[in-house]
Amino acid sequence: MLSIAVLALASTSLASDPPTWVFFADKQVTAGELQPALERRAEQLAPRALRRRMRVRGDRGVDVRDLPLASPYLQAVVATGVQIRATSRWLNAVSVDADAAQRAAIAGLPFVAGMRPVARTRGHDHAPAWTEQSPASAAYGVAETQLALLGVPALHACGLTGAGVVIGVQDSGFSLQHAAFAGLHVLAARDFVQGDDEVADQPGDDEGQDRHGTVVLSLLAGDDGDAFSGVAPGASVILSKTERIGEEQPYEEDLYVAGLEWIEGMGADLFTASLGYYEWYEHPQYDGKTAVVSQAAAVALANGLVMFTANGNEGPEPGTLIAPADVDGIIALGATDLEGQVAGFSSRGPTSDGRIKPDLLAPGQGVWMVQPGTDNEYTQGNGTSLATPLAAGVGALLLEAYPELTPAQMLALLRATASQPDAPDNDRGWGMIGGPAAAGLHCTCTDGDRDGHYAVACGGDDCDDADPARHPGAAEVCDGRDNDCDGDLPADEVDGDGDGVRVCAGDCDDADPSRWPGAVEDPDDCIDNDCDGDGGLACAPTTGAQTSSGGSGTGEHEPTTTNTTSGTTDADATGLTDGASDSGGAVEGAGCGCSTGGPAAPLGLLLGLVGMRRRRSRSRVSSPPQ
């Protein structure tokens, strides 16, 4: 069986013919095989990735898009003599190096849904401005100005460093020899160009292959004390090498997709790539749905992965953005100089369907970064490629503050707190990122009980910042407190009679302090004191035999009836009725409280009236039926 993984590129790839995407019609999975296959895939994903997916998607976190490509389909494609470059579960596609005859053979396979060329990357035309001297400042060295434009020093001052956040970084390669990377926490690394785990330059790479990714990584998470700092030095990273820099083979769209799927499945919280693709695409196709990288980015966003990308360096003309910046929901970055003015090279929107791009701005002209190939030197460079990791670093700080942010919420938060939230345009988007405003209460308020809600005293909505069980949205429990902070105490949590037991805890009469679960029963008061549903014995009705006159022996007052045999009423009778003694007591086998002749009230009625008066004097509300 063929391995469903990205294969190393051959050193003799065809330069004249671009690689080809081959899209399959289905995954060749029957209804009976689907559920077991999804369960296996869920087990293969990093637990962190599955939790993110389930939280954002609201379902089990896996679907048919996550299943591998059908092995028979792959075998049939390989049988044409092509070489596989990469596969995509999400797109149900494989990229191959193929000549015209092989492409024609593949197109004739019955399960092939479509084919298209693999797109080229946009070259890096933002050459660094190399310098011999680097100005320094007390806190962040040469990076002071670019960080200050984003409000990063204030975010660091309130304790945010990106700690606990996992960032996937995708680029041309990464050299970690510089002092700024001495403390960097790398969780995993993968080279999708050479097919190994070495992301620095190695034999077979173009000279300087890892330079671009190295400077990007320094802006994101570098840390060299008071000489230099990136935005999120406390974050952990997953590194993916997907891009060749040489002109002979600048086709990496398929490797970009493979790297993105890998990073998402490894459990990253945030993804950043300063790469874009343009060959074979025209502006009408920049609709966020046509470019292959855009399709893959849309799946990653749906899986809860926050994504930052460069808008491109093709400005200042309108509509010069590149894919996947055209995706709705991805955070596309334009660039400014160190005075906050939009750079002339920064690509402009709109997308082909009229949406504003870029989304936001960050410094990208004259930006200070590590100098590749050195141990402790710094230099300046230009490009939206540099604005993107700076913005992604702010995103990581916000995820540290608010770990539950979804991609849509992150985008909305950054837009709402940027420099022109009410007047976005296709030059600046929603404006320069405002880190402190986006962090909001996390940096200006307190969350003493760490329940994710801030104290009312400093502008938050937590009515009790010392109790993690009390905050907006908390479940109400039977404790006599307003747990969900809505200002209303549920009626069944009030202890109206002060007996220490609430209705929600079983108090059957919250107006009578003598009635509560566990109270001592008084056998003579006809009250269910212990709230167990049974009243006192004195109140229990009797159910003896009926009298000869047809009345019941319940002790209740009966209406006057006519005795048809004697022509008199019961009240007129001068003798004892059948079944009654002359003392008013019950005869054996008869009901209690039987009446005697004369106007005297029956004994049962008298006892009943006494009981009723007693109940009314002690109970202010109706008790349940006894």
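Assorted remarks:
- The residues in region 406-441 that are among the small types (G, A, S) and either assigned to a helix (DSSP H, G or I) or touching a Cys at 6+ places or on another chain (Cβ under 6 Å) (or both) can be counted, and the count is 7.
- For region 374-391, the count of residues that are within 18 Å of S274 (Cβ to Cβ), assigned by TED's automatic domain parsing to the domain that holds A298 and in a loop (DSSP other than H, G, I, E, B) is nonzero.
- Qualifying residue in region 387-399 (condition: of a type in the set (S, T, N, Q) and closer than 30 Å to A182 by Cα): yes
- Residue in region 286-303 that is crowded, with 24+ Cβ neighbours inside 10 Å, part of a loop (DSSP other than H, G, I, E, B) and over 22 Å from the mean Cα position of the chain (by Cα) present: yes
- Taken as a whole, the structure places A232 among residues that are of a type outside the set (S, T, Y), farther than 21 Å from E314 by Cβ and in a loop (DSSP other than H, G, I, E, B).
- Selected residue [surrounded by fewer than 24 Cβ atoms within 10 Å (Cβ to Cβ) and modelled with pLDDT under 95] from D254, D226: D226
- Among the residues of region 360-373, the one identified as touching a His at 6+ places or on another chain (Cβ under 9 Å), assigned to a strand (DSSP E or B) and within 23 Å of D427 (Cα to Cα) is Q365.
- Considering residues of region 331-345 that are more than 16 Å from A418 (Cα to Cα) and touching a residue at least 60 places away in the same chain (Cβ under 8 Å) only, the residue surrounded by the fewest Cβ atoms within 10 Å (Cβ to Cβ): L338
- Reported count of residues in region 160-216, each being within 21 Å of G265 (Cβ to Cβ) and part of a helix (DSSP H, G or I), is 1.
- Selected residue (only one of G459, G487, G480, G518 is outside the structural domain of Y402 (by TED's automatic domain parsing) and closer than 21 Å to A401 by Cβ): G459
Conditions tested, residue by residue: (1) farther than 20 Å from M410 by Cα; (2) touching a Gly at 6+ places or on another chain (Cβ under 8 Å).
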{"position": "F271", "(1), (2)": "no, yes"}
{"position": "E282", "(1), (2)": "yes, no"}
{"position": "A302", "(1), (2)": "no, no"}
{"position": "A332", "(1), (2)": "no, yes"}
{"position": "A335", "(1), (2)": "no, yes"}
{"position": "E339", "(1), (2)": "yes, no"}
{"position": "V342", "(1), (2)": "yes, yes"}
{"position": "S347", "(1), (2)": "yes, yes"}
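- The number of residues in region 64-113 that are in a strand (DSSP E or B) and not polar (S, T, N, Q) comes to 9.
- Qualifying position, being closer than 25 Å to Y402 by Cβ and either basic (K, R) or assigned by TED's automatic domain parsing to the domain that holds A387 (or both), among Q194, Q170: Q170
- The set of residues in region 365-382 that are touching a residue at least 40 places away in the same chain (Cβ under 8 Å) and either on the phi > 0 side of the Ramachandran plot or under 36 Å from the mean Cα position of the chain (by Cα) (or both) comprises G366, V367, W368, M369, V370, G373, G381, N382.
Yes or no, residue by residue, for (1) over 34 Å from the mean Cα position of the chain (by Cα); (2) within 22 Å of A439 (Cβ to Cβ); (3) small (G, A, S):
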site: R450; (1), (2), (3): no, yes, no
site: A455; (1), (2), (3): no, yes, yes
site: D465; (1), (2), (3): no, yes, no
site: P472; (1), (2), (3): no, yes, no
site: V477; (1), (2), (3): no, no, no
site: G498; (1), (2), (3): yes, no, yes
site: V501; (1), (2), (3): yes, no, no
site: D507; (1), (2), (3): yes, no, no
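- Test: residue in region 182-205 that is over 31 Å from the mean Cα position of the chain (by Cα) and within 29 Å of A139 (Cβ to Cβ): yes
The values are calculated or read from the model by the stated rules, or taken from the named source; none is laboratory data. The model shown is predicted, which means the values in this text are computed figures rather than measured ones. In this analysis, Cβ positions are derived from the backbone assuming ideal geometry, glycine residues included, and neighbour counts consider all displayed protein chains.
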